[in-house]
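Q: My structure is below; once you've seen it, I'll send some questions.
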Amino acid sequence: LTIRGLPVRAVLVDPAADIASELYLAVVLDRALRSPVIIASRAGGVDIEEVAVTRPEAIVRVVVDPLVGLRPFHVRRLAYGLELPHGQRGPFAELVTALHTAFVSLDATLCEVNPLAVLADGSLLAVDGKVSIDDSALYRQSEIAALRDPDAETPAERMAREAGLNYVDLDGS
């Protein structure tokens, strides 16, 4: 099996979950603001870029000052924006805090949970996640750099990395 021309060498399988609804949660680096921004939406499981265009009011954004860090009022603003019931706010706060901590400690440009499932019993479960690490910071992240799979890179990406260049493959001509 290949996806986008790259071979699939492993598949991870988790038990099925009784999902009642799906949320979106991410910490992303906003280069213009020079700060992490936490993005959350009740429209989980779909392309967040599409939601941003078609229903921007469905997205809650919180800018986190890198000098001050994540504060409880940030988490409350997200929880209230998502209209989470009282019983989900504590677990949600733990998840947001852990996601932000991972983002900062890993030199990430993105830490995303999509979907963040609300299960039938009301509990939260991170069903799928994605982390993008700043290539320029890999010298500080030796454990992560060691996980790099050269087989998952295109020849152009591999060539650029070996030459010490940052490379982003774009569609188009």
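The values are calculated or read from the model by the stated rules, or taken from the named source; none is laboratory data. Just so we're clear, the structure is a prediction, and the values are computed from it rather than from any experiment. We place every Cβ from the backbone using ideal geometry, glycine too, and count neighbours over all the protein chains shown. Calculation scope for accessible area: heavy atoms of the full protein, side chains included, ligands and nucleic acids excluded. Shrake-Rupley method; radii C 1.70, N 1.55, O 1.52, S 1.80 Å.
Q: Considering only the range 1-106, give the helices (runs of 4 or more DSSP H) lying wholly within it that have at least 3 residues that are over 30 Å from residue 145 (Cβ atoms) and open to solvent by 80 Å² or more (accessible area, probe 1.4 Å). Give the steps one after another, and end with the answer.
A: Values: elements: 48-54, 72-81, 86-105.
Ranges flagged: 48-54, 72-81.
Q: Filter the range 84-118 down to the residues that are in contact (Cβ under 8 Å) with a residue 60 or more places away in the chain and touching a Phe, Trp or Tyr at 6+ places or on another chain (Cβ under 9 Å) and list them by number.
A: 109, 110, 111, 112, 113, 114, 115, 116, listed by residue number.
Q: Under 6 Å between Cβ atoms, which residue pairs at least 6 apart in sequence (or on different chains) link something in the range 119-139 that is farther than 16 Å from residue 18 by Cβ and of a type in the set (Gly, Ala, Ser) with a partner that is open to solvent by less than 70 Å² (accessible area, probe 1.4 Å) and in a strand (DSSP E or B)?
A: Note: pairs meeting the criteria are 129/113; 132/109; 132/110.
Q: Considering only residues of the range 151-166 that are assigned to a loop (DSSP other than H, G, I, E, B) and open to solvent by 100 Å² or more (accessible area, probe 1.4 Å), which is modelled with the highest pLDDT? Outline the logic, then answer.
A: Our first condition is that a residue be assigned to a loop (DSSP other than H, G, I, E, B); within the range 151-166, this holds for 153-154, 163-166.
Filter once more, so that each one left must be open to solvent by 100 Å² or more (accessible area, probe 1.4 Å): 165-166.
On the way: 165: 84, 166: 78.
Among those that are assigned to a loop (DSSP other than H, G, I, E, B) and open to solvent by 100 Å² or more (accessible area, probe 1.4 Å), it is 165.
Q: Among the residues in the range 131-145, are any open to solvent by 70 Å² or more (accessible area, probe 1.4 Å) and under 30 Å from residue 89 (Cβ atoms)?
A: Yes - at least one qualifying residue is present in the range 131-145.
Q: Additional query: Residue under question is residue 118, and the condition is that it be open to solvent by less than 70 Å² (accessible area, probe 1.4 Å) and of a type in the set (A, V, I, L, M); does it hold? Give the derivation first.
A: Details: open to solvent by less than 70 Å² (accessible area, probe 1.4 Å): yes; of a type in the set (A, V, I, L, M): yes.
Answer is yes for this residue.
Q: On to the next question. Have a look at 7, 36 and point out the one that is farther than 26 Å from residue 119 by Cα and either acidic (Asp, Glu) or within 17 Å of the chain's Cα centre (by Cα) (or both). Show your work before the answer.
A: Values: 7 fails: either acidic (Asp, Glu) or within 17 Å of the chain's Cα centre (by Cα) (or both).
Every option except 36 fails the conditions.
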